[in-house]
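Student: Let me give you the structure first, and then I'll get to my questions.
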Amino acid sequence: MSHEHQQIGAAAARLAGRLPHALMVGVADAVTRYSSLDRAVARQAILQSVPTPDFREATAEFIDVWHSTAGCVGGEAVAVAIVTAAKCEHNHRHEETVEVVWTGPEPAEARFRQTEQAILEVVNSATSRLTIVSYAVYRIPRIREALVAAARRGVAICLIVETPNRVEGQGEYDCVRALGGSVASSCSVYYWPQEKRGRDDNGKIGILHVKCAVADGHRMFLSSANFTEYAFTINMELGLLVTGGGLPGQVERHFDRLLADGTLTRV
């Protein structure tokens, strides 16, 4: 590979880090269409296909590198470099990462992400959808504040709890009351009606024991920890924070189906 091709590859990689994938593909198409024109004319035509000033600035820098250091590289080759860089960056942004989340005693050599910190990361990252499921919700002021902030920025929040009210003889919390009116009024709150649950031979009823949070089908917290003060401070809890890949979306869609078929009922 020539030095000029390496220059174009490196410049395309930098551009992919600054432009959305769809826009990169559009720039590649424009390069293919206009590269046979005079350089100044081609530059202007390519930049006109880019919608915003910051993206145009990044694209202009790429074109200037192309024309000043690798002018002998043809438009088709440049377009291929742009598309390849865009695909690599897209894959990198969406690849799955998994981190351990923990509450409890920690040896000095093993530091994990803290439970409350991981939940806040999921809630604060949500831009359109947030699904939260927990058996118990109790004394979580920072989570409550983050949920209110998410609702104010337009996030649709689905909150699924064990029961909306305490059941005699069982240990459920009044989850809606624990979250406060500002959160309850900002969320769609669902529960699992007792008449729709399984029972064993002795009549013991099943419980909603899931603890998870999913943002935009992209980031997921899954843990033994309820959304409670004790789970964030003095308990021993273990979970995972999953970013990217297919699992967050799979879990989100699973709860969507439970809502759609009536297994879960809105409060």
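Bear in mind that the values in this text are calculations on the coordinates, not laboratory data. Note that this is a predicted model, so its numbers are computed, not measured. We place every Cβ from the backbone using ideal geometry, glycine too, and count neighbours over all the protein chains shown.
Student: Rounded to the nearest 0.05, what FRET efficiency do ALA10 and ARG113 give with R0 = 30 Å and r taken as the Cβ-Cβ distance? Could you check?
Tutor: Efficiency at R0 = 30 Å is approximately 0.35.
Student: OK, next. What percent antiparallel are the DSSP beta bridges of the chain, to the nearest 5?
Tutor: Percentage antiparallel, nearest 5: 60.
Student: FRET efficiency for LYS204 and LEU238, Cβ-Cβ distance as r, R0 = 25 Å, nearest 0.05?
Tutor: 0.45
Student: What's the magnitude of the charge dipole for segment 7-93 around its Cα centre, counting Lys and Arg as +1 and Asp and Glu as -1 at the beta-carbon? Answer in Debye, nearest 20.
Tutor: Working: 8 positive and 8 negative charges, 24 e Å.
Computed charge dipole of segment 7-93: roughly 120 debye.
Student: Further question: Sequence-distant or interchain residues sharing an amide H contact under 5 Å with ILE160, placed H: which?
Tutor: HN-HN under 5 Å from ILE160: ILE132, VAL133, SER134, TYR190.
Student: Quick one: longest stretch of the chain between exposed loop GluC sites (Glu not before Pro), exposed meaning at most 16 other C-beta atoms within 10 Å and loop per DSSP?
Tutor: Here the longest run is 169-267.
Student: Report the paramagnetic label zone for ARG197: residues of segment 206-234 whose backbone N is under 12 Å from a point 7 Å from Cα along the Cα-to-Cβ axis.
Tutor: Under cut-off, by backbone N: 206-210.
Student: So, one more: Farthest toward the dipole's positive end in the chain, which of SER125, ALA150, GLY245, given Cβ charges of +1 (Lys, Arg) and -1 (Asp, Glu) about the Cα centre?
Tutor: ALA150
Student: If you take the Cα atoms of the chain, find Rg, then find the Kirkwood Rh from the mean of 1/r over all pairs, what is Rg/Rh?
Tutor: Numbers: Rg = 25.2 Å, Rh = 21.7 Å.
Result: Rg/Rh = 1.16.
Student: When only DSSP loop residues count, what chymotrypsin sites (Phe, Trp or Tyr not before Pro) in segment 51-121 have their Cβ near at most 13 other Cβ atoms within 10 Å? Please report the intermediate quantities before stating the final value.
Tutor: Details: sites: PHE55, PHE62, TRP66, TRP102, PHE112; in loops: PHE112.
For chymotrypsin sites (Phe, Trp or Tyr not before Pro) across segment 51-121 that sit outside H, G, I, E and B with at most 13 neighbouring Cβ atoms in 10 Å, the list is empty.
Student: Can I ask one more? Place a +1 charge on the Cβ of each Lys and Arg in the chain and a -1 charge on the Cβ of each Asp and Glu, then give the dipole magnitude about the Cα centre in debye, rounded to the nearest 20.
Tutor: 560 debye
Student: Shifting gears a bit: Can you tell me how segment 42-134 classifies by the Cα gyration tensor, rounded, prolate or oblate, using a/c under 1.5 as the rounded cut? Walk me through the numbers before you get to the answer.
Tutor: On the way: a/c = 3.63, a/b = 2.47, b/c = 1.47.
Cα axes put segment 42-134 in the prolate bin.
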